[in-house]
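Enquirer: The structure is given below, and queries will be raised subsequently.
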Amino acid sequence: MEDKAKITKVSFDPLSREVVDAAFYIHQTMGAGLLESVYEECFEVELKKRNIPFQRQVGLPVYYDGVKLNTSLRLDLVVDNQIVVELKSLERVTNAHTAQILTYMRTGGFKTGLLINYGEPYFKQAVKRFVL
């Protein structure tokens, strides 16, 4: 899949680092394999504790051929109007999930995205950061 987006493993910006730290704390506390909705609620609690502004279940309009469709995309979390966070709780993340977050980023004009899979037993493998 050729794409201008890069998956980065190091050199996180401070906000991304704080969100990943919150994700790690949730993973450490709750473990792997629960429903995505549970992790989303945990994120709400954790981001509030850290005084990080965010929105849950953000609707993003979809246009086709210049016409706004009746349906919209649903972003799990948008942190400080800068970072899209897509939460999963799957055995493994596929190319379709990567395409999903990249589409959210492009459509919403976000430069940074985090794909966090709480189905991974080891947190180091659970986070992917994308930068456009």
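The values are calculated or read from the model by the stated rules, or taken from the named source; none is laboratory data. Nothing here was measured: the structure is a model prediction, and the numbers come from that model. Note that we place each Cβ from the backbone using ideal geometry, even for glycine, and neighbour counts take in every protein chain shown.
Enquirer: State yes or no: is residue 33 of a type in the set (Gly, Ala, Ser) and assigned to a strand (DSSP E or B)?
Expert: The answer is no for residue 33.
Enquirer: State the number of residues belonging to segment 71-109 that are small (Gly, Ala, Ser), crowded, with 16+ Cβ neighbours inside 10 Å and either part of a loop (DSSP other than H, G, I, E, B) or free of Cβ contacts under 8 Å to residues at least 12 places away in the same chain (or both).
Expert: The total comes to 1.
Enquirer: Working carefully through the options 31, 119, find the one that is over 11 Å from the mean Cα position of the chain (by Cα) and in contact (Cβ under 8 Å) with a residue 60 or more places away in the chain.
Expert: 119
Enquirer: Check off (1) farther than 17 Å from residue 114 by Cβ; (2) among the polar types (S, T, N, Q); (3) at pLDDT below 95 for residue 37 and give me the number that stays unchecked.
Expert: Every condition holds for residue 37 apart from (3).
Enquirer: Let me ask something additional. If you go through segment 110-132 one residue at a time, how many are part of a strand (DSSP E or B) and of a type in the set (S, T, N, Q)?
Expert: Of the residues in segment 110-132, 2 are part of a strand (DSSP E or B) and of a type in the set (S, T, N, Q).
Each row is one residue, and each column tells you yes or no for (1) over 22 Å from residue 123 (Cα atoms); (2) within 15 Å of the chain's Cα centre (by Cα); (3) modelled with pLDDT under 95.
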site: 4; (1), (2), (3): yes, no, yes
site: 18; (1), (2), (3): no, yes, no
site: 25; (1), (2), (3): no, no, no
site: 50; (1), (2), (3): no, no, no
site: 56; (1), (2), (3): yes, yes, no
site: 81; (1), (2), (3): yes, yes, no
site: 84; (1), (2), (3): no, yes, no
site: 88; (1), (2), (3): no, yes, no
site: 96; (1), (2), (3): no, yes, no
